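Trainee: For reference, the structure I am asking about is given below.
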Amino acid sequence: MPRIIMGIESSCDETGVGLVRLHDDDTVELLADEVASSVDQHARFGGVVPEVASRAHLEAMVPTVERAFDKAGLKLSDVDAIAVTAGPGLAGALLVGVAAAKAYAAALGIPLYGVNHLAGHIAVDTLQHGPLPERCLALLVSGGHTQLLLVDDIASEITELGSTVDDAAGEAYDKVARVLGLPYPGGPPIDKAAKNGDGAAIAFPRGMTGPRDAKFDFSFSGLKTAVARWVESAERRGEDIPVDDVAASFQEAVADVLTMKAIRAAKEHGVDTLVISGGVAANSRLSELAAERCAEAGITLRVPRPRLCTDNGAMIAALGAHVVAARRPQASLDFSANPALPVQIVSI
Amino acid sequence: MLVLAIDTSTPAVTAGLVALDGDALESRGDRVTVDPRAHGELITPHALEAVKAAGVTLRDLDAIVCGVGPGPFTGLRAGMATAASLAHALGIPAYPVCSLDAIAADVAPGEAPFLVLTDARRREVYWAAYAADGARTDGPNVERPGDLKTTIKVAAGDGALLYADALGVQPIEPRFPSPIGLVKAARKDFGEEPAPLTPLYLRRPDAVEPAARKKVTTS
Ligand SMILES: [Zn+2]
């Protein structure tokens, strides 16, 4: 069975290459995790520009692979299998990673696995906290995703319970940051400002929490608009904007809805473990509130360290290792990336 | 010397094996599919089929030549990411070559200057001009066919066929870069340290910086 697995990630603005070792007991060990980010090139546009990201992936791909092997002290010929993000993500960005992965697999004569980026965000937690329980719940929150997933088998069986009907949580952070005159990406500066603010200062709305709303879906568009309205009316009154309080109250609304729905889903599905992953998982209020509410509900909370939560190659290598261990079929070299790959398809 | 040539700068997904013996070039088998949306799917399988048809393996290659455009970006990157990764994994050099030069290298020797034009989409063409001896004299550029100022009357490349009337040119063969053409255009660099594989985009990414924040409240 393949032992050293390389993971390649290029679905958004990070070119990631990870190397892991699959042990006999099916545990997975992280050997290298190299990322080249084009985030700075997108900052002035206030969001990821697909063509800019694609160009950066092509430029960074081989150097990032080289760095990962240097870090791990391995040679390319040591790799036994390759996993690559097949989707979901930006079409042009995915294509660069998929083309590179196919070429490496062909040249090295080793199997290739096209895997699901969302499942990778969950699988990455096994690098830090060991194997997942039989069944668990995953909350993915980032600039691109907001999803509640039921995970019966990380290599093959994932069900979506709910997702955002409009903006991803991270997108709402970017937009609110803009309203408050904070830099892009909005997550870290809002988190920082919120630490000095009062989360109860302003009662921003909790989207999709009415009795007739879908139980596990999210909406952040209304919240974002409510923040903008609040700021604009304060500006009209000639008041100084209490940036810290607005940030804290916005962040409280996001964390409240996310954790409330996650706990509700865990209870309803009889699951006692919650994994929170994705770029927004590093948010201090979200992890704090999740820890509090999970403790109350008797749920084990697993949050990978921040570096593993954001997009990287290690998550794809980790998922690849689980797919290999489960003896799932490998991909054919003519597969195409799927920008809308549904989460149920863990590997193609 | 055995060279794998790759080009995805046009609707043709092209991979082929070329053997060099001194000045002699010999095609050892091509795999070409004309499908503007299949570059990412087909380029690696085509490369594998081409080496298999030649009775060798990727490990027998001495170098790779890759067309670096200009061409529609997404398809172009599929071939370039493939070439760069193959070269890295095999430990062999990858030589970049302007894809228009590769088409020009296949134009039958004549007595007149000629153009090479390929489809840049958005009603524009990528183009370059060549002297009768095949040396590039202008370009590569991207322009609307109507804005192209030239007195040259013959043109190769699929852009010449698409816009023959608008340009008033007589289309000549070939339409797409061939493995032999790619190797011919790149061979002067063989033995040297290859230049970086950098795409000839010729256009900036479409992206506009956001204007001042729009108010959500009116009044
Ligand atoms: Zn992600």
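Trainee: Spin-label point model (7 Å from Cα, Cβ direction): what's the B:Ala135 to B:Leu2 distance in nm?
Mentor: 3.6 nm
Trainee: How crowded by other chains is A:101-113, given as the mean number of beta carbons from other chains within 10 Å of each beta carbon?
Mentor: 6
Trainee: So, in nm, how far is label B:Leu25 from label A:Thr209 when the simple model puts each one 7 Å beyond its Cα toward the Cβ?
Mentor: Each label point lies 7 Å from its Cα, and together they span 6.9 nm.
Trainee: Quote the convex hull volume per residue of chain B, based on C-alpha atoms, as a whole number of Å³.
Mentor: 160 Å³
Trainee: Something else about it: Would you mind ranking A:Leu258, B:Leu202, A:Leu180 so that the residue whose beta carbon has the fewest other beta carbons within 10 Å leads the list?
Mentor: Placing the least packed residue first, the sequence is B:Leu202, A:Leu180, A:Leu258.
Trainee: Hey, another quick one. In Å, what is the Rg of the alpha-carbon atoms in the protein assembly as shown, and how long is Dmax?
Mentor: Final numbers for Rg and Dmax: 26.5, 86 Å.
Trainee: When you have a sec, figure out the Kirkwood radius of region B:107-171 from all distinct Cα pair distances and drop it here in Å to one decimal?
Mentor: Final number for the Kirkwood radius of region B:107-171 is 11.4 Å.
Trainee: Using bins 5 angstrom wide from zero, how does P(r) for region B:1-115 break down, in % of all Cα pairs?
Mentor: With 5 Å bins starting at 0, P(r) equals 2, 13, 22, 25, 20, 12, 4, 2, 0.
Trainee: OK, next. Please work out the Cα center distance from region B:143-164 to region A:122-137, rounded to the nearest Å.
Mentor: Cα centroid to Cα centroid, the span is 59 Å.
Trainee: Same structure, new question: Round to the nearest 10 and give me the degree value, 0 to 90, for the angle of helix A:284-297's Cα axis relative to the longest principal axis of chain A.
Mentor: 90 degrees
Trainee: Against the longest alpha carbon principal axis of chain A, how many degrees, from 0 to 90 and to the nearest 10, is the axis of helix A:50-72 turned?
Mentor: Result, in degrees: 60.
Trainee: Please list, or write none, the lysines whose alpha carbon is within less than 27 Å of the alpha carbon of A:Lys215, excluding same-chain residues fewer than 8 places away.
Mentor: Here the lysines satisfying the reach criterion relative to A:Lys215 are A:Lys175, A:Lys224, A:Lys261, A:Lys267.
Trainee: Using alpha-carbon pairs under 8 Å, 6+ residues apart, how would you state the relative contact order of region A:136-303 in percent?
Mentor: Reported as a whole number, the value is 27 percent.
Trainee: Which distance in Å, rounded to a whole number, links the C-alpha centroids of region A:221-262 and region A:171-206?
Mentor: 7 Å
Trainee: Scanning chain B for GluC sites (Glu not before Pro) in DSSP loops with at most 11 other Cβ atoms within 10 Å, what's the longest stretch left with none?
Mentor: That gives B:1-110 as the longest site-free run.
Trainee: Could you check the spin-label model distance between A:Glu160 and B:Glu209? Points 7 Å from the Cα along Cα→Cβ, value in nm.
Mentor: So the label points at A:Glu160 and B:Glu209 sit 3.6 nm apart.
Trainee: How high is the FRET efficiency from A:Asp25 to B:Leu161, r the C-beta distance, R0 56 Å, rounded to 0.05?
Mentor: Working: r = 62 Å, r/R0 = 1.10.
Taking R0 as 56 Å, the efficiency between A:Asp25 and B:Leu161 is 0.35.
Trainee: Using Cα positions and a limit of under 13 Å, work out the aspartates and glutamates in reach of B:Lys215, with same-chain residues fewer than 8 apart set aside.
Mentor: Answer for B:Lys215, where 13 Å is the Cα cut-off: A:Glu232, A:Glu235, listed by chain and number.
Trainee: Sticking with this one: May I have the pair-distance distribution P(r) for region A:136-303, computed from all Cα-Cα distances with 5 Å bins from 0 and rounded to whole percent?
Mentor: Calculated over all Cα pairs of region A:136-303, the distribution is 2, 9, 19, 22, 19, 14, 8, 4, 2, 1, 0, 0 percent.
Trainee: I would also like to ask the following. Would you mind ranking B:Trp127, A:Trp230 so that the residue whose beta carbon has the fewest other beta carbons within 10 Å leads the list?
Mentor: Numbers: B:Trp127 28, A:Trp230 18.
Lowest to highest Cβ neighbour count: A:Trp230, B:Trp127.
Trainee: Only bridges whose two residues both fall in chain A count here: according to DSSP, what percent of them are antiparallel, nearest 5?
Mentor: Looking only at bridges with both residues in chain A, the antiparallel portion is about 60 percent.
Trainee: Then there's this: Straight distance only, please: which lysines reach the Cα of A:Lys75 with their own Cα at less than 22 Å, same-chain residues fewer than 8 apart left out?
Mentor: A:Lys102
Trainee: Taking loop as defined by DSSP and a crowding limit of 16 other beta carbons within 10 Å, which trypsin sites (Lys or Arg not before Pro) in region A:225-267 fit?
Mentor: In loop regions of region A:225-267 (DSSP not H, G, I, E or B), the sparsely surrounded trypsin sites (Lys or Arg not before Pro) are A:Arg237.
Trainee: Using R₀ = 60 Å, calculate the FRET efficiency as 1/(1 + (r/R₀)^6) where r is the Cβ-Cβ separation of A:Arg135 and B:Asp189; round to 0.05. Could the numbers behind the result be given before it?
Mentor: Working: r = 58 Å, r/R0 = 0.96.
For A:Arg135 and B:Asp189, the calculated efficiency is 0.55.
Trainee: For every other residue with a beta carbon closer than 15 angstrom to the beta carbon of A:Asp272, add +1 if it is Lys or Arg and -1 if Asp or Glu, then tell me the sum. Numbers along the way, then the final one.
Mentor: Details: positive: A:Arg135, A:Arg264, A:Lys267, A:Arg293, A:Arg302; negative: A:Glu134, A:Asp152, A:Glu268, A:Glu296.
My count for the surroundings of A:Asp272 gives +1.
Trainee: What percent do you get for the relative contact order of region B:138-204 when only Cα pairs under 8 Å and 6+ apart count?
Mentor: Relative CO of region B:138-204 lands at 28 percent.
The numbers here are math on the coordinates, done by the rules we state, and not lab data. Note that the structure is a prediction, hence the values are computed from the model and not measured. Here Cβ is always computed from backbone atoms with ideal geometry, including for glycine, and neighbour counts include all displayed protein chains.
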